[in-house]
Structures are given as structure tokens and as C-alpha cells.
1. Please work out which one of (1) part of a helix (DSSP H, G or I); (2) of a type in the set (A, V, I, L, M); (3) touching a residue at least 40 places away in the same chain (Cβ under 8 Å) is the condition Val257 fails and give its number.
2. Let me confirm something: among Pro46, Pro80, Pro42, which residue is more than 27 Å from Gln417 (Cα to Cα), modelled with pLDDT under 80 and in a loop (DSSP other than H, G, I, E, B)?
3. Please verify whether Asp96 is of a type in the set (Asp, Glu) and outside any helix (DSSP H, G or I), treating the condition exactly as stated.
4. Which number in (1) without any contact (Cβ under 8 Å) to a residue 24 or more places away in the chain; (2) outside any helix (DSSP H, G or I); (3) hydrophobic (A, V, I, L, M, F, W, C) marks the one condition that Ala401 misses?
5. Kindly indicate whether any position in the range 302-325 is closer than 27 Å to Arg393 by Cβ and within 27 Å of the chain's Cα centre (by Cα).
6. Restricting the search to the range 4-39, which residues are closer than 30 Å to Arg97 by Cα, at pLDDT 70 or above and not basic (Lys, Arg)?
7. Arg437: more than 27 Å from Arg460 (Cβ to Cβ), free of Cβ contacts under 8 Å to residues at least 24 places away in the same chain and surrounded by fewer than 24 Cβ atoms within 10 Å (Cβ to Cβ), yes or no?
8. For the range 411-423, enumerate the residues that are touching a residue at least 60 places away in the same chain (Cβ under 8 Å) and not in a loop (DSSP other than H, G, I, E, B).
Amino acid sequence: MDRPALEAWHPDRSWADPFIATLALLIALVVSMTSRAHHAHPAPPPGQVELQGRLADLVLAAPKVLGRLGLGRSLDHLGPADPLGSFPEKSARGWDRAVLAVHAGEYGQLPLGGRLAQEVPGTAGGAFRLAWTWAYEGTGRPPLPGDLPVLRKALGNGYAASILEARCLARSGGDPGPLESRALDWASPRLAALGAGCFLALLLWLGGLGYLVRLLMVPRQTLASALSPTRFAMSGRAALIVLLGWFLTHLASGLVVGVVLAALPFLRPMALPLMYGFHATLGTAFLCQAEGIGLATLLARLCPGSQGRALATGLGCFALAFTAVVAVAVVMSPFLQNAEPPQRELMDLLGRTRGPLALAAMFLTIAVVAPIFEELLFRGFLLPWLGERLVPRLGPRWGWALAITVSGLTFGAMHLQPQGLPTLCTLGLVLGLGFLRTGNLLTSILVHGLWNGGIFLVMRFLV
């Protein structure tokens, strides 16, 4: 049974201030130790092709696929143009270089291909260099039978993997035709899906521009009345304890789940759902306890009014989020060319996850559970809590603008991905705007869920 709202938490400063300082110190210590461990023992170079390399493999295979379908010129008639363009600079990591080396060999750019092949890391990289020089320069020896499965896996079992094997077989006097067909069979449906995805992305981008124009033309609604059901009575110290306590729980979730998996190793495929479920459950409990209400009352506060209008607004805000993030990514790309891609962790997780049940659990965690909890915390709680206290001091316009900005920056920083901070903060700002448009948390949950689910499906398609 819910407690009365008057019992919202107002901790005494005599103990709350030292407690807050202790929580902040613990968080700083954990983050510092994690950062030092990362720098002292950096992650080894990825053992297989990553997202940029997979995209390059598809795009560079397009002329062959189009030639097979009779829709374009084949590779032999492309002329002296540089088909690789700036891919070597954009895909500067590990086995992405190997994919580009194969395509450079296919396009007759042997000096470039040889240079790229020399930069492939690891023991398997040595086997790749031997295979590449045999396939495209005719020197050395053919790859050993045991090397080919390793190279296929490292090259992502994609177009480049089959073509390299076909060229090695042809150099040894075999028939490369079946392997070439397999390479084209791999690339054709993926290129069709990629083309359809690009078309949908264009429509989404145009839709985002249109929705932005609509927002600028339609008179602003009164935000204070829209958010009146979401008032939080807890004090500033209580709010800070909730946020810091949740973040510390978030940081500790990996350790807690690691202990569980050590005792119950059969749960290892469920590691991500367990980690997220642990800190999301505790975070929600912290929030309800501090406000003195139950979960049902909290959700009723955050999802008032017309649910259909909230969801319809969410679709427009999703298009706006896509447009805004693309614009920020384009602007920031020159400064982040050599940064580790923020998608690497998800790519690694997807690469290690096997079985439909584990994949379904991961998708539900990323596309449903994570958006619900993160929106509950950042847009459902932090944004209105800040707004209700800033508006009396700064007025509605600047008070809500500052509240959106602070909650968006906090949302971006929480992910601990420096290279993804610009786009994550931009997404957070649009999520805040969407929530303010309706006062209904379903709006930002839908935007967040579509975003996370879309990224998951794209990554799964490419892995």
C-alpha cells in the first residue's frame, strides 16, 4: 500500500551531506579504478572485423552484385577511379584493414592492399598476410587448410572471406566459381536490405525535418500544466542520494552478476539481462522509497492523459531524434575518426551470444527494459524535479530549457562512452523535449525503445 505523499524523504543535512560525499567518493573511486585498469590492461585488438569493416565489405561488393544482376558495370570495367575512397582512413582498426586489403586486391590496387595487409594484428594476421600475398601476388605458399576457417571467421564470413578463399584456390589451379557464387549470395540480400534501410533512413530524416518545422510553427503549450501530475516532493538531498545510489548500483552490477555467474555458469548467456535487471530494480525501489509511494502510483503520475497522443508524438520525436543525431554525428565525425567506436561493446555481445532465447532476452533488455527504466529515472524523475525548482527562479522558458539540458547531459554521461557523448546527449535532449510535449512518459519510452531496438537490429544484421 502506498504511503502518503507527505512522507516524501527530507533527510537531515547533518548526516545526509557526509553520506552524499561518501557516495560521490565511492563512485569516483570505482570509475578511476576502472579507467586505470582499462589503460593498464587495454583490450586486445578485436579478433575479427567490426561494424565499419562489415559495411565496407558490403559497399565495396556492390559493383560485383550489380554486375551479376545486369544493373551496373562489373568490376573489370570500373576504370581507374579509386573505389576504396577514404575507407582505409575511416576503418583503421585491425581486421577492418584485412577486408579492405582483399577489396584492394580485387580492384588491382596491390601496393595499397599489401600495406593494409601488413597492419592486420595477431597470429591470424600473419596467416592472412600469407594468404593475401599468395592470392594476389602469387608469392609464398598457399594457406594451410587449418588457416582457412580461422580467416573466414576473422573476416566475418562475408564477401571478402569467400573471395580471398576463391583467389587462393584459383592460384592453386582450382575452380573459384562456387566460392565466388557464395560471396555474391552473401552480399546480394544484405545489399538489398541496406539499400532499403538507407531509403527508410532518408524518409525518417525528412520526417524529422518536417516535425521540427511543425514544432516551430505550432504555438508552445503550457509545460507547467502538462507536467503537473509528475510533481516530486522529495528534497534535493534525497534526489541526489537516489541518483548517486542508483549509479553506484549500476557500477557494481557487473561484479554482483559476475559472482552469480561463477556459481551458476549456465546463466552466462543471460549476463546482460541480469545486470540490467539488478540495477534497474534497485533504482526503481530507491525512487519509490524516497518519494514515499508505490510503483503503481508512480506510473500513474508519469503516464497521464491520452496514451494515443503520447505515442503519436513519440513517432514524430523519434524522427526528430534521428535527424538531430545524424546532424551532430556529421559535425563531430572529424574529431572522432580515431576513437574506439561506441558500437564495439554491443558488437562483441552479439558476436558472443548464441541461441534464440539469449538473443530475445538481450533484445528485450535493450529495447524494452532499458528504455523504461532510463526514461523513468531521467525524464520521469530528474527532468520534472529540476523543472519544478528552476521555473520559479528562471521562468518557464529558461527553467525548462535548463532542466532539459541538465537531464540530457546526465543521461549522456551515465553511459560512460566519451566517444558517444555528443550523440547520446543530443538524443537525451530530444527525449526530454518529447516528454515535455505531452507530460506522458510513454512518449520518451517509445522514442528510446525504437532507437535502441533499431540499433540492435542493425548490429544483428551485420554481425
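The values are calculated or read from the model by the stated rules, or taken from the named source; none is laboratory data. All values derive from a computational prediction rather than experimental measurement. Every residue, glycine as well, gets a Cβ built from its backbone with ideal geometry; the counts of neighbours run over all protein chains shown.
1. Single failed check for Val257: (3).
2. Among Pro46, Pro80, Pro42, only Pro80 is more than 27 Å from Gln417 (Cα to Cα), modelled with pLDDT under 80 and in a loop (DSSP other than H, G, I, E, B).
3. No: the conditions fail for Asp96.
4. Of the numbered conditions (1) without any contact (Cβ under 8 Å) to a residue 24 or more places away in the chain; (2) outside any helix (DSSP H, G or I); (3) hydrophobic (A, V, I, L, M, F, W, C), the odd one out for Ala401 is (2).
5. The answer is yes, given that some residue of the range 302-325 is closer than 27 Å to Arg393 by Cβ and within 27 Å of the chain's Cα centre (by Cα).
6. Thr34, Ser35, Ala37
7. no
8. Once the filter is applied, which keeps residues that are touching a residue at least 60 places away in the same chain (Cβ under 8 Å) and not in a loop (DSSP other than H, G, I, E, B), the range 411-423 yields Met414, Pro418, Gln419, Gly420, Pro422, Thr423.
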